[in-house]
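Take a look at the structure set out below.
The values are calculated or read from the model by the stated rules, or taken from the named source; none is laboratory data. All of these numbers come straight from a predicted model, not from anything done at the bench. Cβ: placed from backbone, ideal geometry, glycine included. Neighbour counts: every protein chain shown. Note: areas computed on protein heavy atoms with side chains; ligands, DNA, RNA excluded. Shrake-Rupley method; radii C 1.70, N 1.55, O 1.52, S 1.80 Å.
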Amino acid sequence: MHSYELNQKTIQLTANDLISDHLRAGRSLCFTMSTASMQPALAPGDKVLVSAALPDELRPGDIVVRKVANARIAHRLIGSYTSDNEVHLITKGDNSLQADDPWQGTQLVGKVIAIEQAGHKKSVHFARAMRRAFVIAFLSRCQLSANRIEPKILRRMAVRILRAGLRFAVWTIQ
């Protein structure tokens, strides 16, 4: 009888391959949010249904999932650019004052197509939801710009107003 030892790295590589194969086959996968980086739109414990997507199919406001090391991060797309024939995506958690560093489109796992909160599933494909997602992305970009306002008192006021706008925009989606 042989004893085989599976190490954590082998398990993670196999899981990553299975996830990629599943999405490439046109199926979707469900992930559970584990952080508050996307609050109030997504809270820890909420489930997101993800389908495969190419970087050129994405629009600002989409919630995208990317692979970083052995984790997957769901953040809102706020912009993209092409450099040396490589697409770079810029994302930001709705609950963050800082955007993520630009990342290559090859890290893209997929796009969130539905959200399940407290047992209720909601599609994110409706035209109204897409417009609101675009507004949320716009407010997120404005929030980044507000961090450069001087003096500090005006910066704090702008950030608070934009954060309230983000909360309202997310609340109207729900």
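Whether a residue is in contact with a Ser or Thr (Cβ under 9 Å, 6 or more places away or on another chain), within 20 Å of Ala36 (Cβ to Cβ) and in a strand (DSSP E or B) was assessed, and Val65 does not pass this test. Against the test of being in contact with a strand residue (DSSP E or B) (Cβ under 9 Å, 6 or more places away or on another chain) and in contact (Cβ under 8 Å) with a residue 60 or more places away in the chain, the options Pro44, Pro55, Pro60 yield a single qualifying residue, Pro60. Annotation note: Cβ proximity below 6 Å between a residue of the stretch 146-165 that is without any contact (Cβ under 8 Å) to a residue 12 or more places away in the chain and a residue that is surrounded by 11 or more Cβ atoms within 10 Å (Cβ to Cβ) and among the charged types (D, E, K, R) (sequence gap 6+ or interchain) occurs for Ile149/Arg155.
In the stretch 123-137, the qualifying residues are those that are modelled with pLDDT of 80 or more and in contact with a helix residue (DSSP H, G or I) (Cβ under 9 Å, 6 or more places away or on another chain), and the one that is least open to solvent (accessible area, probe 1.4 Å) is Ile136. Among residues of the stretch 78-97 that are free of Cβ contacts under 8 Å to residues at least 24 places away in the same chain, those with a beta-carbon under 8 Å from a residue that is exposed (fewer than 11 other Cβ atoms within 10 Å of the Cβ) and assigned to a strand (DSSP E or B) at least six positions away or on a different chain give the pairs His88/Tyr81; Ile90/Tyr81. The residues in the stretch 96-108 that are surrounded by fewer than 16 Cβ atoms within 10 Å (Cβ to Cβ) and under 19 Å from Leu139 (Cα atoms) can be counted, and the count is 4. Filter the stretch 81-95 down to residues that are surrounded by fewer than 18 Cβ atoms within 10 Å (Cβ to Cβ) and hydroxyl-bearing (Ser, Thr, Tyr) and give me whichever is nearest to Met38 (Cα to Cα). Selected residue: Tyr81.
The criterion of being among the charged types (D, E, K, R), open to solvent by 70 Å² or more (accessible area, probe 1.4 Å) and modelled with pLDDT of 85 or more does not hold for Lys111.
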